[in-house]
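Accompanying notes for the structure given below.
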Amino acid sequence: MTEIELKNYESFLQAHFNNPFLQLDLRPEWSSLNENHREHIKARLNQPGVQSSSISHCPNMGGFVASHKPVRLGLDVEENVRVTDEILQRMFSKNEIALCPERKALWTAKEALFKALKEEGQPAVLSDLPELEWVKVDTDLPIYKIVTKNLSEKIFSTLVGYCWVGSSNSVCVFSDSI
């Protein structure tokens, strides 16, 4: 993800979550291959006013999403090549895999949703999360809107995800829609 793509995605998230205080910061130097990557991310997160945050990392980048509003947040970033058919078939139903327009982003979306539920209703494993509905956002950006099929359940009713599906990475953020 280039710096321009990151800024475009961050602006998109701020607008669609109605949260101008939302901050997304992803950097190659925060990848899981770099020693102390978690400490570097957490040091950058140590800002006055941050009330909610989520971190993620993979071999080629790491980062965080943060907000000055108290909202549920979940971030996941993953290299697309690491999300194999074997992993998908082991973790998700055939129906859910078939419904996902970008299979390489399914893991990232589920992981971000899982993290957003850390305070309330988080299941024991990813495969216990409800199926997701994917809608291509009407924009030139490679973004999908994601909601759960269990909108009647209170813990899922306000959570929305937006997933950037790039050529090398997928990045997904779930938050409360305000």
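Working only within segment 84-96, note down all residues that are in a helix (DSSP H, G or I) and not acidic (Asp, Glu).
Matches in segment 84-96: Ile87, Leu88, Gln89, Arg90, Met91, Lys94, Asn95.
Is it the case that Glu120 is under 23 Å from Phe64 (Cβ atoms) and out of contact with any His (no Cβ under 9 Å at 6 or more places or on another chain)?
Judged against the criteria, Glu120 is a match.
I need every pair where a residue in segment 34-47 that is in a helix (DSSP H, G or I) has its Cβ under 9 Å from the Cβ of a residue that is of a type in the set (Lys, Arg) and surrounded by 11 or more Cβ atoms within 10 Å (Cβ to Cβ), sequence separation at least 6 or different chains.
From segment 34-47, the pairs are His40/Arg27; Ile41/Arg27; Arg44/Arg27.
Residues that are acidic (Asp, Glu), in contact (Cβ under 8 Å) with a residue 24 or more places away in the chain and in a helix (DSSP H, G or I): does segment 3-10 have at least one?
Among the residues of segment 3-10, at least one is acidic (Asp, Glu), in contact (Cβ under 8 Å) with a residue 24 or more places away in the chain and in a helix (DSSP H, G or I), which makes the answer yes.
Test of understanding: among Lys115, Lys145, which residue is on the phi < 0 side of the Ramachandran plot, part of a helix (DSSP H, G or I) and either at pLDDT below 85 or not aliphatic (A, V, I, L, M) (or both)?
None of the others qualify; the one that does is Lys115.
In a loop (DSSP other than H, G, I, E, B) and aliphatic (A, V, I, L, M): which single residue out of Val65, Val50, Val81, Val77 fits that description?
Val50
So Ser53 ticks every box in (1) closer than 20 Å to Val147 by Cβ; (2) free of Cβ contacts under 8 Å to residues at least 60 places away in the same chain; (3) surrounded by 15 or more Cβ atoms within 10 Å (Cβ to Cβ) but one. Which box is left unticked?
Of (1) closer than 20 Å to Val147 by Cβ; (2) free of Cβ contacts under 8 Å to residues at least 60 places away in the same chain; (3) surrounded by 15 or more Cβ atoms within 10 Å (Cβ to Cβ), only one is false for Ser53: (1).
A quick yes/no check of all residues on (1) more than 19 Å from Arg72 (Cα to Cα); (2) modelled with pLDDT under 90:
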{"residue": "Lys136", "(1), (2)": "yes, no"}
{"residue": "Leu141", "(1), (2)": "yes, yes"}
{"residue": "Leu151", "(1), (2)": "no, yes"}
{"residue": "Ser157", "(1), (2)": "no, yes"}
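The values are calculated or read from the model by the stated rules, or taken from the named source; none is laboratory data. Bear in mind that the values here come from a model prediction, so they are computed numbers and not experimental data. Positions of Cβ are generated from backbone atoms using ideal geometry, with glycine treated the same way; all protein chains shown enter the neighbour counts.
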